[in-house]
Structure formats: C-alpha cells, structure tokens
1. Scan region 52-65 and tell me whether some residue there is in a loop (DSSP other than H, G, I, E, B) and free of Cβ contacts under 8 Å to residues at least 40 places away in the same chain.
2. Since MET5 meets every condition but one in (1) among the aliphatic types (A, V, I, L, M); (2) in contact with a Phe, Trp or Tyr (Cβ under 9 Å, 6 or more places away or on another chain); (3) open to solvent by less than 60 Å² (accessible area, probe 1.4 Å), which condition does it not meet?
3. Would region 25-40 turn up any residue that is closer than 16 Å to LYS60 by Cα and either touching a Leu at 6+ places or on another chain (Cβ under 8 Å) or charged (D, E, K, R) (or both)?
4. Against the condition open to solvent by 90 Å² or more (accessible area, probe 1.4 Å) and under 13 Å from the mean Cα position of the chain (by Cα), how does GLU31 come out, does it pass?
5. Scan region 49-65 for residues that are open to solvent by 100 Å² or more (accessible area, probe 1.4 Å) and either modelled with pLDDT of 95 or more or in contact with a Phe, Trp or Tyr (Cβ under 7 Å, 6 or more places away or on another chain) (or both) and jot them down.
6. Just checking, does region 15-22 include any residue being part of a loop (DSSP other than H, G, I, E, B) and surrounded by fewer than 13 Cβ atoms within 10 Å (Cβ to Cβ)?
Amino acid sequence: MKVSMLVSTCDIKDCPTIYATDRDTLLVQGEVPADHGLEIPANESVVEIPMQLLLDLIRKALRDKLV
C-alpha cells in the first residue's frame with residue numbers, strides 16, 4: 001500500500017494525521033479513546049482527531065482540486 005500524508009497537526013510523526021492511500025481510502029492517525037462506549041467489531045477501531053484537522057483537509061482538497 002502506498003501512503004501519502006494529506007494533512008497533519010504538526011511536523012513530527014506522532015500527531016493526528018490524515019493519509020491517502022493508492023486504494024482510494026484514507027488512513028487516520030489519532031488517539032485511541034477508551035471511554036467511547038461504542039460497540040466496535042474486533043476487526044475495527046475508533047480514533048479521535050481534532051475537528052480542525054478535518055477542516056484543514058477540506059481546505060487543502062478544495063485548494064489542490066482533489067475533489
């Protein structure tokens with residue numbers, strides 16, 4: 001899988017980040033919350049990211065004509 005960083009909250013590698021893949025999917029890096037109370041299948045996970053990260057992604061997508 002080829003992965004390209006789209007947007008991050010910092011320049012180091014341990015911050016919330018959204019990546020694009022060559023499979024036309026997104027990978028999301030964030031905190032794994034323990035107190036969400038959701039029933040998640042064993043093969044899935046939930047991550048928490050700042051709302052600003054999604055807003056930055058939308059701005060970048062519109063600016064770079066990714067959508």
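The values are calculated or read from the model by the stated rules, or taken from the named source; none is laboratory data. Note that the structure is predicted; figures quoted are calculated from it, not measured. Here Cβ is always computed from backbone atoms with ideal geometry, including for glycine, and neighbour counts include all displayed protein chains. Side chains included, ligands, DNA and RNA excluded: accessible areas come from the protein's heavy atoms. Shrake-Rupley method; radii C 1.70, N 1.55, O 1.52, S 1.80 Å.
1. The initial filter retains those residues of region 52-65 that are in a loop (DSSP other than H, G, I, E, B), namely 64-65.
Remaining after also requiring free of Cβ contacts under 8 Å to residues at least 40 places away in the same chain: 64-65.
Checking region 52-65: at least one residue is in a loop (DSSP other than H, G, I, E, B) and free of Cβ contacts under 8 Å to residues at least 40 places away in the same chain.
2. All conditions are met except number (3).
3. Within region 25-40 (the criterion being closer than 16 Å to LYS60 by Cα and either touching a Leu at 6+ places or on another chain (Cβ under 8 Å) or charged (D, E, K, R) (or both)), the answer is yes, since at least one residue qualifies.
4. Criteria met by GLU31.
5. Listed by number, the list holds a single entry, MET51.
6. So in region 15-22, the residues part of a loop (DSSP other than H, G, I, E, B) come out as 15-16, 22.
Within this subset, residues satisfying the condition of being surrounded by fewer than 13 Cβ atoms within 10 Å (Cβ to Cβ) are 22.
Taking every residue of region 15-22 in turn, at least one turns out to be part of a loop (DSSP other than H, G, I, E, B) and surrounded by fewer than 13 Cβ atoms within 10 Å (Cβ to Cβ).
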